[in-house]
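Written below as structure tokens is the structure these notes are about.
The values are calculated or read from the model by the stated rules, or taken from the named source; none is laboratory data. Nothing here was measured: the structure is a model prediction, and the numbers come from that model. Reconstructed Cβ throughout: ideal geometry from the backbone, glycine too, with neighbour counts over all protein chains shown.
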Amino acid sequence: MTADPQIPAVAIHRLGHCYPGGRKQPPRVALNGIDLLIPQGAFFVLTGPNGSGKSTLFRILCGLARPSTGTIHLHGHDLIATPNAARASMGVVFQKPALDKHLTVMENFRIHADLHAIPGHLFAQRVRDALPWSDLGERLGERVETLSGGLARQAELVKVLLHEPRLLLLDEPTVGLDPGGRLAFMATLQRLQKKRGVTILMTSHIFAEAEKADLVAILRQGQLLAADSPARLSARLGQELLVIQGEDLQTMAKALTDLPGLAVQLQNHELRVRGENLLQIMATLLKDHRERIHTLAIKQPSLEDLYIHLTGRALTLDEEECR
């Protein structure tokens, strides 16, 4: 039966999750009252630093953990009350590889097809359909352990698409890929989304990847900071941003704070300035503080800039990940 396009692919309401504490540790709140609606066919990226709650939310969506509070509906089905119906149209790519590296690519595909009771003629057709958008055409008979990281990720994606899920969940799928591999994998996801109309929900701590999505949600310490399209989120900071790196930034910050119409933020060895007449501000800084300035540039605000604005801190990768 065709799904009603008006029903969201994912509807999360007041979702909370708390891990119990130990003998000397209090309970830890991993998610705190999350509300999200993801329309069918959207490319949605859930981003934020390690420890923000992304992995916890992903585990709950996959049915690997039960939330403490709140509800999740997938295509209108309650994930807690009717898990089989909710997960019937789901495909999952985990952060850690789920392929048997000692088997060939095709053998891995056949195992997945058997698990989903896909008939032989359909299995053959779906593998053929995947070859034009993947680079696996000449590698189907090779063992997975011989593939590069990028090709192994493509094989994971082909495998999970064999049963034609309407909702694709991917947990940090580009981890371990080089920059070229990340770009190629993201381009593959975008082509599949456009061609098949599949809804993609992907977690990533790389804000540059989130820039390519239709919708983005930013988490920090279990709180939802913002959710919208990348363009609308970045537009919250205005049109341009002046970023200065150098020495004695406090002196420059104090001088700029006295000027009207500027928003000045000093953190993590960077001075960030928003407002009008940034070229004039740049010229003034070069005139008065050239010897202290290492770099300065005017740039369009990014999602990472928004994160820094909302939290007062840069994105870090060494925070402890919520379980």
**Request:** Would you mention how many residues in segment 101-124 are under 24 Å from M186 (Cα atoms) and surrounded by fewer than 17 Cβ atoms within 10 Å (Cβ to Cβ)?
**Result:** 2
**Request:** Specify the residue that is surrounded by the most Cβ atoms within 10 Å (Cβ to Cβ); the eligible residues are those in segment 1-57 that are among the basic types (K, R) and in contact (Cβ under 8 Å) with a residue 60 or more places away in the chain.
**Result:** K54
**Prompt:** Any chance segment 32-51 includes a residue that's of a type in the set (A, V, I, L, M) and closer than 28 Å to V144 by Cβ?
**Reply:** yes
**Asked** Mind checking which residues of segment 288-307 are at pLDDT below 90 and either among the basic types (K, R) or surrounded by fewer than 11 Cβ atoms within 10 Å (Cβ to Cβ) (or both)?
**Response** K299
**Of all residues making up segment 265-282, the number that are within 17 Å of A235 (Cα to Cα) and aliphatic (A, V, I, L, M)** = 2
**Asked** Within the group L147, L189, which residue is touching a strand residue (DSSP E or B) at 6+ places or on another chain (Cβ under 8 Å) and in the same structural domain as F44 (by TED's automatic domain parsing)?
**Response** L189
**Asked** Restricting attention to segment 270-287, does a residue exist that is loosely packed, with under 15 Cβ neighbours inside 10 Å, among the small types (G, A, S) and more than 30 Å from G53 (Cβ to Cβ)?
**Response** yes
**Request:** From A184, A155, grab the single residue that is part of a helix (DSSP H, G or I), small (G, A, S), in contact (Cβ under 8 Å) with a residue 12 or more places away in the chain and crowded, with 19+ Cβ neighbours inside 10 Å.
**Result:** A155
**Request:** Scan the strands (runs of 3 or more DSSP E) fully inside segment 1-83 and keep the ones with 1 or more residues being within 25 Å of V175 (Cα to Cα).
**Result:** 10-19, 28-38, 43-47
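Each row is one residue, and each column tells you yes or no for (1) modelled with pLDDT under 90; (2) within 19 Å of the chain's Cα centre (by Cα); (3) surrounded by fewer than 19 Cβ atoms within 10 Å (Cβ to Cβ).
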site: D228; (1), (2), (3): no, yes, yes
site: S234; (1), (2), (3): yes, yes, no
site: L237; (1), (2), (3): yes, no, no
site: L242; (1), (2), (3): no, no, no
site: L259; (1), (2), (3): yes, no, yes
**Asked** Can you spot a residue in segment 308-323 that is modelled with pLDDT of 90 or more, surrounded by fewer than 19 Cβ atoms within 10 Å (Cβ to Cβ) and part of a helix (DSSP H, G or I)?
**Response** no
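Would you tally the residues in segment 84-118 being without any contact (Cβ under 8 Å) to a residue 24 or more places away in the chain, outside any loop (DSSP other than H, G, I, E, B) and of a type in the set (A, V, I, L, M)?
4
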**Options L241, L225, L237, L219; residue that is under 26 Å from R166 (Cβ atoms) and touching a residue at least 40 places away in the same chain (Cβ under 8 Å)** = L219
